[in-house]
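The values are calculated or read from the model by the stated rules, or taken from the named source; none is laboratory data. Note that the structure is a prediction, hence the values are computed from the model and not measured. Here the Cβ positions follow ideal geometry from the backbone for every residue, glycine too, while neighbour counts run over all protein chains shown.
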Protein chains: 4
Amino acid sequence: MTEPGTTDTQPSDRDVALIVGGGPGISASCARLFAKGGMFVGVAARNPDKSVLENLEKTLGVRRYTCDASEPAAVERLFANVVRDLGAPTLVVHNIDGRVPGIFGKGIAEADPSMVLATLRNSAFSAFLVGQQAARLMRKNKPNANGAKGTIIFTNASAALKGYPSSGAFAMACHAKSGLAQSMARELMPQGIHVANVPIDAAIGWTQEDGTRAHRRAGTTVDDNMADPDCIAETYLQLHHQHRSTWAFEVVLRPWVEKW
Amino acid sequence: MTEPGTTDTQPSDRDVALIVGGGPGISASCARLFAKGGMFVGVAARNPDKSVLENLEKTLGVRRYTCDASEPAAVERLFANVVRDLGAPTLVVHNIDGRVPGIFGKGIAEADPSMVLATLRNSAFSAFLVGQQAARLMRKNKPNANGAKGTIIFTNASAALKGYPSSGAFAMACHAKSGLAQSMARELMPQGIHVANVPIDAAIGWTQEDGTRAHRRAGTTVDDNMADPDCIAETYLQLHHQHRSTWAFEVVLRPWVEKW
Amino acid sequence: MTEPGTTDTQPSDRDVALIVGGGPGISASCARLFAKGGMFVGVAARNPDKSVLENLEKTLGVRRYTCDASEPAAVERLFANVVRDLGAPTLVVHNIDGRVPGIFGKGIAEADPSMVLATLRNSAFSAFLVGQQAARLMRKNKPNANGAKGTIIFTNASAALKGYPSSGAFAMACHAKSGLAQSMARELMPQGIHVANVPIDAAIGWTQEDGTRAHRRAGTTVDDNMADPDCIAETYLQLHHQHRSTWAFEVVLRPWVEKW
Amino acid sequence: MTEPGTTDTQPSDRDVALIVGGGPGISASCARLFAKGGMFVGVAARNPDKSVLENLEKTLGVRRYTCDASEPAAVERLFANVVRDLGAPTLVVHNIDGRVPGIFGKGIAEADPSMVLATLRNSAFSAFLVGQQAARLMRKNKPNANGAKGTIIFTNASAALKGYPSSGAFAMACHAKSGLAQSMARELMPQGIHVANVPIDAAIGWTQEDGTRAHRRAGTTVDDNMADPDCIAETYLQLHHQHRSTWAFEVVLRPWVEKW
């Protein structure tokens, strides 16, 4: 892949994708798929020095950015840097779970208020910040052949569909992301920006160093019983290419054997 | 396209698609897209002698079948004929609106009970009959490379999402289809059969003889303000190819400018 | 309670309640509560010669009517008889499950089509027929002090909220009732008729001859782990009395220990 | 009303209600209804020195508390004071809209991030803080005759049901409250605590000084076209008294003429 460093002065017709929240699962799969398809791709993470991201940089030219997406100024800076380096984004994926370690499995009486607020900020508030910057830039994009100026996708979770017990903070965060996505969709779609909310209603099994696909808590994938992030990335790409006469707002993805 | 007449004795790896409910909109678009992609395709309609279907037969080898899908015996016969002619289906689309002419716009006090029952039979009950035959056959299919035995897609409408005033019969029918689709998805997905409900939340503008895209009551399409059946067909194909680790059950499609 | 036989010639300000679908559970509880509160009450059932109904007649003057609510002419006759005997109804409850015995637990491939259609007719179509007659009559009612002309309540079930596996016919029927109720609510509420859908998301434990509360399949009630029909009736009465500035359309009732 | 000052040492069987978020609408109506029904009642507000609250104190003995409900320590202190003054609460209402003035009508690109975060904190995070304190205390309550230890009610809004354009912050906040309420309901109901989410899908018309009922932006109430807070309070009381065999989690209230 060639360096996309000059795209700011010489606008390209190539798609520019920014993935916010960077790890070895959905983000890496998206970056790989988008880059292989010819997009300029950036990935932002609090800590982008993960081997999977470094590898994507080396092999596919994916740009890495450091960003705490819960900080307004940091998100503004991130988008400015992406515009400078890659061009104005046409595809933005918000892919942040946002739960702080101490909040998992805490009942309503036990949850630490500061952790609840941190989870809300990391997840829902960062989704707003990323969505806002994306909206500001995309509105100025030239419509593509489909009449579309861009696509904004929010990765979401089962907790967006159902508030589980002992999981109030995450239920709040995921529901808030859904509400934001809906509001943005109703506002931005008529302006040519496709907004989608994609709750993954399952554990995600990403490829480990030993080649197996697994989830930290749910164990190793057997018979596709966990969501494959490469397949999630494909759905995201389809959403990006979807014709504006038939835009999907919400797609819930779950493995064939999942109970729901 | 070659005649697929011998597929019953010599099973093919080619997909076999059956579209029930045949007109110039979604059904024709599906038949065209599926056939061009190499599937054996059958289309069933009460009256399959429509020029658009005859044309698909001539140009792409799409088989036409006569079937009143609200009759159990007729649906059973249809599937038997398809198996004989094309092979066991791997992709079945139920694409029947089902409203009888006199039911449109009738308030609860005015609706004729026999028309309400006819609408329920044409739409929801036929969906059951088609889904049942599809399930019976697909369960015996050999899993494909994705581990899937088949895909069953129900076209649905805005009335599946919201019961509109003066539209009780259609609200009943569309909600019933959603309930059926959900029940089938929970039952059949773990058996390797992908079931999807696709409410089109808009008027559908299909290509008229003069080349414009239009809807009988909503007029001519302007700036993609109606759902394009060719694009709906693409989503159906994507659902069929979706990996079983990440199956979508429901996808609502609406134009970018639609109010919802 | 005095015989309400002359109310047709001498209109009363007393509420007239009709409960369609009559058994020892919700219907009996409603009839008892409404009659004790001073309403004229009728109960219709295919077979109204059940001891619990005969007892309500003797002790509280509740009128019993024979009616197959899936038959348009029978439902029309029922309402005419009620108007003649009790006056025009101001509160109508549709309380029919509608499943035929052979449909329980049948998978999509096994369900008998004629039983699926019978279930749809018994449940959703009868709801339409009852709703239609109620709407026709109530529109002519004089508004009460709350500005309301009447209340129509549909008892519904968990299957209205979720399509369970091996339960497609009931999922269709219950979803259809929800769609109908929604359509009627949007149409009739602005005309002064309160329409409500009440899914009972649990087994209902009604009082047996030995005094225990139990459900045929789910066993005996322990610690209020099943819905008590007397309490359901109270919610119905509250809905009927609810001020038109704050009408609830849907209320899901479930026991405190129910999983959902 | 007598001063309830000694209830901490001498537990009373009277209900203790705390309403968080205090103004002339739902809060005042609840306080009035609950106090008239014999409960000890407290109302907390950032500024409790409003004439309507002072009046409730004088006439009905309602206690006023100063509390910024978005501050963990303040909420903890509030509940401690209520326990000391009135006893452990058995009915807690969270009734805070939470929007800061500058956020109304702002599109996604225009909304000030600090105002978005403030709205989230005021509304959803305060709901968590109030819910947490309520849960901690109620779990230790003695079950009442209904087997219930208490009731927690969240007032919510249309934005909980639908994310409206140019209203992203409020959509986030209201959806988050719904998610929290759901999670709490699934966790606490089996512990004997009734949790309810009550979206008011309409403007609320509360009684003005001149006796009319009106809404700041929507004007004067005509023919009950706005939700009457006195009627909302009645529904809250019914939820509190609802038998645990049939608890409603969500009740959406809207005027008869509201579009939805």
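Residue by residue through the stretch A:217-231, note down the ones that are part of a loop (DSSP other than H, G, I, E, B) and either of a type in the set (Ser, Thr, Tyr) or surrounded by fewer than 18 Cβ atoms within 10 Å (Cβ to Cβ) (or both).
Residues satisfying the conditions are A:Arg217, A:Ala218, A:Thr221, A:Val222, A:Asp223.
How many residues are hydroxyl-bearing (Ser, Thr, Tyr) and under 16 Å from the mean Cα position of the chain (by Cα) if we restrict to the stretch A:149-196?
Total satisfying the criteria: 4.
Answer yes if at least one residue in the stretch B:238-248 is closer than 14 Å to A:His243 by Cα and either at the interface with chain A (Cβ under 9 Å from one of its Cβ atoms) or without any contact (Cβ under 8 Å) to a residue 12 or more places away in the chain (or both), and no otherwise.
Looking for residues that are closer than 14 Å to A:His243 by Cα and either at the interface with chain A (Cβ under 9 Å from one of its Cβ atoms) or without any contact (Cβ under 8 Å) to a residue 12 or more places away in the chain (or both), one finds at least one in the stretch B:238-248, hence yes.
Please work out if B:Asn144 is assigned to a strand (DSSP E or B), modelled with pLDDT of 95 or more, out of contact with any Gly (no Cβ under 7 Å at 6 or more places or on another chain) and more than 7 Å from every other protein chain (Cβ to nearest Cβ).
Against the criterion (assigned to a strand (DSSP E or B), modelled with pLDDT of 95 or more, out of contact with any Gly (no Cβ under 7 Å at 6 or more places or on another chain) and more than 7 Å from every other protein chain (Cβ to nearest Cβ)), B:Asn144 does not qualify.
Okay, residues lined up against (1) β-branched (Val, Ile, Thr); (2) more than 30 Å from C:Gln191 (Cβ to Cβ); (3) facing another protein chain (nearest Cβ under 7 Å):
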| position | (1), (2), (3) |
| --- | --- |
| D:Ala169 | no, yes, no |
| D:Ala176 | no, yes, yes |
| D:Ile193 | yes, yes, no |
| D:Thr207 | yes, no, no |
| D:Pro229 | no, no, no |
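I'd like the full set of residues that are in a loop (DSSP other than H, G, I, E, B) and either more than 19 Å from A:Gly98 (Cα to Cα) or at pLDDT 95 or above (or both), limited to the stretch A:50-87.
A:Gly61, A:Val62, A:Cys67, A:Asp68, A:Ala69, A:Ser70, A:Glu71, A:Leu86, A:Gly87
In the set B:Phe128, B:Phe154, B:Phe170, which member is outside any helix (DSSP H, G or I) and not acidic (Asp, Glu)?
B:Phe154
On the given criteria, is A:Ile108 among the aliphatic types (A, V, I, L, M) and under 19 Å from A:Val20 (Cα atoms)?
no
Failed condition for A:Ala214, given (1) surrounded by 24 or more Cβ atoms within 10 Å (Cβ to Cβ); (2) part of a strand (DSSP E or B), with all others met?
Every condition holds for A:Ala214 apart from (1).
Would you mind finding the one in A:Asn95, A:Asn141, A:Asn146 that is surrounded by fewer than 19 Cβ atoms within 10 Å (Cβ to Cβ) and touching a residue at least 60 places away in the same chain (Cβ under 8 Å)?
Checking each option against the conditions leaves just A:Asn146.
Which one is nearest to the other protein chains (Cβ to nearest Cβ) among residues in the stretch C:249-260 that are surrounded by fewer than 23 Cβ atoms within 10 Å (Cβ to Cβ) and part of a loop (DSSP other than H, G, I, E, B)?
Applying the filter and picking the extreme gives C:Val257.
Name, by its number, the condition in (1) free of Cβ contacts under 8 Å to residues at least 12 places away in the same chain; (2) away from chain A (no Cβ under 14 Å) that does not hold for D:Ser183.
Result: D:Ser183 fails condition (2) only.
Table: residues versus (1) more than 14 Å from chain D (Cβ to nearest Cβ); (2) surrounded by fewer than 21 Cβ atoms within 10 Å (Cβ to Cβ).
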{"position": "A:Arg46", "(1), (2)": "yes, yes"}
{"position": "A:Arg63", "(1), (2)": "yes, no"}
{"position": "A:Asp68", "(1), (2)": "no, yes"}
{"position": "A:Glu76", "(1), (2)": "no, yes"}
{"position": "A:Ala80", "(1), (2)": "yes, yes"}
{"position": "A:Lys106", "(1), (2)": "no, yes"}
{"position": "A:Ala109", "(1), (2)": "no, yes"}
{"position": "A:Pro113", "(1), (2)": "no, yes"}
{"position": "A:Phe125", "(1), (2)": "no, no"}
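Given (1) at negative phi; (2) more than 7 Å from chain C (Cβ to nearest Cβ), where does D:Gly219 come up short, assuming only one miss?
In the conditions (1) at negative phi; (2) more than 7 Å from chain C (Cβ to nearest Cβ), D:Gly219 misses (1) alone.
Kindly indicate which of B:Leu120, B:Leu129 is crowded, with 24+ Cβ neighbours inside 10 Å, over 19 Å from B:Phe79 (Cβ atoms) and either small (Gly, Ala, Ser) or at the interface with another protein chain (Cβ under 7 Å from one of its Cβ atoms) (or both).
B:Leu120
When you go through (1) facing chain D (nearest Cβ under 10 Å); (2) surrounded by fewer than 23 Cβ atoms within 10 Å (Cβ to Cβ); (3) of a type in the set (S, T, N, Q) one by one for A:Asn197, which number turns out not to apply?
(2)
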